[in-house]
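Everything below concerns the one structure shown next.
The values are calculated or read from the model by the stated rules, or taken from the named source; none is laboratory data. Since the model is a prediction, treat every value here as computed from it, not as a measurement. Here Cβ is always computed from backbone atoms with ideal geometry, including for glycine, and neighbour counts include all displayed protein chains.
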Amino acid sequence: MAAKIFRLPGMWRRRKQVDLRKGIVHCQVSSRRLQFPKYGSKLSEGTFLIVDVMTTTDDEKTRKLCELVVTKEDLLAVLNHLPEK
């Protein structure tokens, strides 16, 4: 007998909010995502963040593609000055 699947309204939105609180931002068109650390390292040049670029393989395993070291201040500056089309 086939199992019935019930989709609950708003589940996708709630899952996205949980991921954002965990520091995970999903790509809108692929299985890749940015995974931010829980804490940044405060240095004289700014707050350094080690951001992991992650993906999910075809067999549902998580794999790290690369690591970026950026400052929180640089990210905020770029996002604040990004024009909308």
Given (1) at pLDDT 90 or above; (2) on the phi < 0 side of the Ramachandran plot; (3) not acidic (Asp, Glu), index of the condition Lys85 fails: (1)
Among the residues in the range 27-36, are any of a type in the set (Phe, Trp, Tyr), within 14 Å of the chain's Cα centre (by Cα) and surrounded by 13 or more Cβ atoms within 10 Å (Cβ to Cβ)? yes
Any chance Lys72 is touching a residue at least 24 places away in the same chain (Cβ under 8 Å) and of a type in the set (Lys, Arg): yes
Would you confirm whether any residue within the range 39-52 is of a type in the set (A, V, I, L, M, F, W, C), within 16 Å of Leu68 (Cβ to Cβ), touching a helix residue (DSSP H, G or I) at 6+ places or on another chain (Cβ under 6 Å) and surrounded by 12 or more Cβ atoms within 10 Å (Cβ to Cβ)? yes
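Would you check which residues across the range 69-83 are closer than 19 Å to Arg33 by Cβ and either surrounded by 11 or more Cβ atoms within 10 Å (Cβ to Cβ) or aromatic (Phe, Trp, Tyr) (or both) and list them?
Keep residues of the range 69-83 that are closer than 19 Å to Arg33 by Cβ, which gives 69-70, 72, 75, 78-79.
Once the filter is applied, which keeps residues that are closer than 19 Å to Arg33 by Cβ and either surrounded by 11 or more Cβ atoms within 10 Å (Cβ to Cβ) or aromatic (Phe, Trp, Tyr) (or both), the range 69-83 yields Val70, Lys72, Leu75.
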Name every residue in the range 22-51 that is of a type in the set (D, E, K, R) and part of a loop (DSSP other than H, G, I, E, B), in order of residue number. Lys22, Lys38, Glu45
